[in-house]
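Quick notes on the structure that follows.
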Amino acid sequence: MIKTMCKRFRPIAIAVGVLALCAVASVPAMAQVYSTCGQYETYTENGYNLYTDEWGASSGGCLYANSSTNWWYVANYPSSGSGVQAYPDTEISLGNVNLTSLSAVNSSFNFSVSGSTPYYDAAYDLWTNGNVDEVMVWEQWKGDGPIASSYSCNQLGVSGCPFATNVSLGGETYDVFQGYTNHNVVSFLRTSQASSGSVNLLTLMNWLVTEGKLTSKTFSTADFGFEIGDTDGGSGTFTVNSYSLSFSSGGSCTPTSITPYISVNNGSSWAEENSATVGSTSTQVDLGPQPTSGGSWSWSGPSGYSSTSRQISDIPLKTGSNVYTATYTNSSGCKSTEAFTITVN
């Protein structure tokens, strides 16, 4: 079992001997704008920072990115028994704001895990000012366990005792754990694991305030990625297909949730999805997110693509991954984003 701790303050020291994986056969066949096998590397794009953050090992993982919100990490770590080897993640800064000054922190995610992956979790890692509180939101996990005050329980398949169970927040249900390293750590674990979805992170943070579980009532940074324990000597691939986070301050501006829609082959039908796979670059793919009225839209995409239409039709495609990002500005001037990923095999 891995007792997960913060990515910046990890007291576990693990000696490992692994090979760097700058060329790995299992890497997905996608066009990429960035790749590295470095231990502590950063790629910055559109306000997001993408980190390798291989703090528990000095080598063994490589990061490949089509963008800061569409990337994959290939890991090859020997069985370590316990401890996190790396937390490849995407981070965005909220600027150390007071929770009372925020009206929403909305995020969506879509990820996949394949290969040898006996110990990992896919999770948000949220921080308050000064890193005195770490709040994790686990969406999926395997062989892993959160920091807890007691490990005499077996809850949700992990060794650890929650202080609250079946807590309903924002349409999801969580068991909530709390423990300490050199700072306060609170972990929300979904009672039903998911590889895609959306969450208002502010709702979770405000609930912790009402429960008296936060040292600082602020919001500093939000990360999303994979805590990887080991791959049992095999190769595991951890992929973020799409990810977005938007927030509003001032209390008067609330981001409008974007509902993604994709149509393949001339609009014959629409699917409520933010990703699709097609077999040819000549396939017609249309993107038509909602809402359909009010506010304004803007798009960014490969090779400098841009548009101010809500629906964009017959988008240019290349072999591999094509990421198109929609930004919606509502009548209050508050922005929300949604990334669409179209993969051409």
Only strands (runs of 3 or more DSSP E) wholly contained in segment 108-225 count here; list those with 2 or more residues that are touching a strand residue (DSSP E or B) at 6+ places or on another chain (Cβ under 8 Å) and touching a residue at least 60 places away in the same chain (Cβ under 8 Å).
119-127, 133-142, 184-190, 196-200
With Ser187, Ser159, Ser152, Ser196 as the choices, which residue is surrounded by fewer than 22 Cβ atoms within 10 Å (Cβ to Cβ) and within 19 Å of Leu126 (Cα to Cα)?
Ser196
Any idea which residue in segment 134-149 is surrounded by the most Cβ atoms within 10 Å (Cβ to Cβ), counting only those that are of a type outside the set (D, E, K, R) and over 17 Å from the mean Cα position of the chain (by Cα)?
Pro146
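Consider segment 318-337. How many of its residues are among the polar types (S, T, N, Q) and in contact with a Lys or Arg (Cβ under 8 Å, 6 or more places away or on another chain)?
Going residue by residue through segment 318-337, those that are among the polar types (S, T, N, Q) are 319, 321-322, 325, 327, 329-332, 336-337.
Filter again for in contact with a Lys or Arg (Cβ under 8 Å, 6 or more places away or on another chain), leaving 327, 329.
Selection size over segment 318-337: 2.
Matching residues to (1) buried (at least 19 other Cβ atoms within 10 Å of the Cβ); (2) assigned by TED's automatic domain parsing to the domain that holds Asn66; (3) in contact (Cβ under 8 Å) with a residue 24 or more places away in the chain:
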site: Pro255; (1), (2), (3): yes, no, yes
site: Gly304; (1), (2), (3): no, no, no
site: Gln311; (1), (2), (3): no, no, yes
site: Thr329; (1), (2), (3): no, no, yes
Residue selected from segment 306-328 under the condition of a type in the set (Val, Ile, Thr) and farther than 18 Å from Gly279 by Cα, by the criterion modelled with the highest pLDDT:
Ile312
Across segment 44-91, what is the total count of residues that are of a type outside the set (Val, Ile, Thr) and modelled with pLDDT of 90 or more?
28
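Would you confirm whether any residue within segment 268-275 is assigned to a strand (DSSP E or B) and closer than 17 Å to Asp89 by Cα? Working first, answer last.
Narrowing segment 268-275 to residues assigned to a strand (DSSP E or B): 271, 275.
Cutting the leftovers down to closer than 17 Å to Asp89 by Cα gives us none.
No, there is no match, as no residue in segment 268-275 is assigned to a strand (DSSP E or B) and closer than 17 Å to Asp89 by Cα.
Okay, residues lined up against (1) among the hydroxyl-bearing types (Ser, Thr, Tyr); (2) surrounded by 24 or more Cβ atoms within 10 Å (Cβ to Cβ):
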residue	(1), (2)
Thr90	yes, yes
Ala104	no, no
Asn110	no, no
Val113	no, no
Pro118	no, no
Tyr124	yes, no
Val132	no, no
Which of the residues belonging to segment 257-269 are surrounded by fewer than 16 Cβ atoms within 10 Å (Cβ to Cβ) and either under 20 Å from the mean Cα position of the chain (by Cα) or not polar (S, T, N, Q) (or both)?
Thr259, Gly267
If you take the residues of segment 277-299 that are assigned to a strand (DSSP E or B) and free of Cβ contacts under 8 Å to residues at least 40 places away in the same chain, which of them is surrounded by the most Cβ atoms within 10 Å (Cβ to Cβ)?
Trp299
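The values are calculated or read from the model by the stated rules, or taken from the named source; none is laboratory data. Quick caveat, the model's predicted, so the values are computed rather than measured. Note: ideal-geometry Cβ built from the backbone for every residue, glycine included; neighbour counts use all protein chains shown.
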